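Right, one structure below, let's go through it.
The values are calculated or read from the model by the stated rules, or taken from the named source; none is laboratory data. Please read all numbers here as calculations on a predicted model, not as lab measurements. Positions of Cβ are backbone-derived with ideal geometry, glycine not excepted, and every protein chain shown enters the neighbour counts.
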């Protein structure tokens, strides 16, 4: 695992939304998953230290520790004592059937949660298009 110097570190930034009702540690995990999927984070990139992220987000360091530990267990992160926490080398590809089922589950959960909040499928589609455009612009 390569160590990156802190000035070259992370164009990716964590952010929290207290209005979602999603626990903070879960938001951190979801953001890492999303950044990996969109290319915002890549293998070998260093994440902020537990202490630094806790200060930046004004949250308890134990919350960051919980999120980092869960991501380590899942194989997303590797921690090197005295060096830092890094995005792990990409995991082996899951078979297409597993990926398809996971995508269907995510879509169903997303649509159900959005519907419970009063959003229509058209509104979701528009929001996803805007998100995709914003991500494409950000990566340039």
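Could you list, in sequence order, the residues of the stretch 2-26 that are modelled with pLDDT under 80, at negative phi and either within 13 Å of the chain's Cα centre (by Cα) or assigned to a loop (DSSP other than H, G, I, E, B) (or both)? Residues satisfying the conditions are 2, 3, 4, 5, 9, 11. The combined condition, being surrounded by 14 or more Cβ atoms within 10 Å (Cβ to Cβ), in contact with a helix residue (DSSP H, G or I) (Cβ under 9 Å, 6 or more places away or on another chain) and farther than 16 Å from residue 32 by Cα, is fulfilled by residue 59. Residue count for the stretch 69-88, restricted to those that are in contact with a strand residue (DSSP E or B) (Cβ under 8 Å, 6 or more places away or on another chain), in contact (Cβ under 8 Å) with a residue 24 or more places away in the chain and either surrounded by 15 or more Cβ atoms within 10 Å (Cβ to Cβ) or not assigned by TED's automatic domain parsing to the domain that holds residue 43 (or both): 9. Taken over the stretch 27-43, the criterion of being out of contact with any strand residue (DSSP E or B) (no Cβ under 6 Å at 6 or more places or on another chain) and either in a loop (DSSP other than H, G, I, E, B) or touching a residue at least 24 places away in the same chain (Cβ under 8 Å) (or both) is satisfied by 28, 29, 32, 33, 36, 38, 39, 40, 42. The listed residues are 114, 35, and the only one of them that is in the same structural domain as residue 128 (by TED's automatic domain parsing) and surrounded by 14 or more Cβ atoms within 10 Å (Cβ to Cβ) turns out to be 114. Every test in (1) over 24 Å from residue 25 (Cβ atoms); (2) modelled with pLDDT of 90 or more; (3) assigned to a loop (DSSP other than H, G, I, E, B) is passed by residue 127 save one, and that test is (3).
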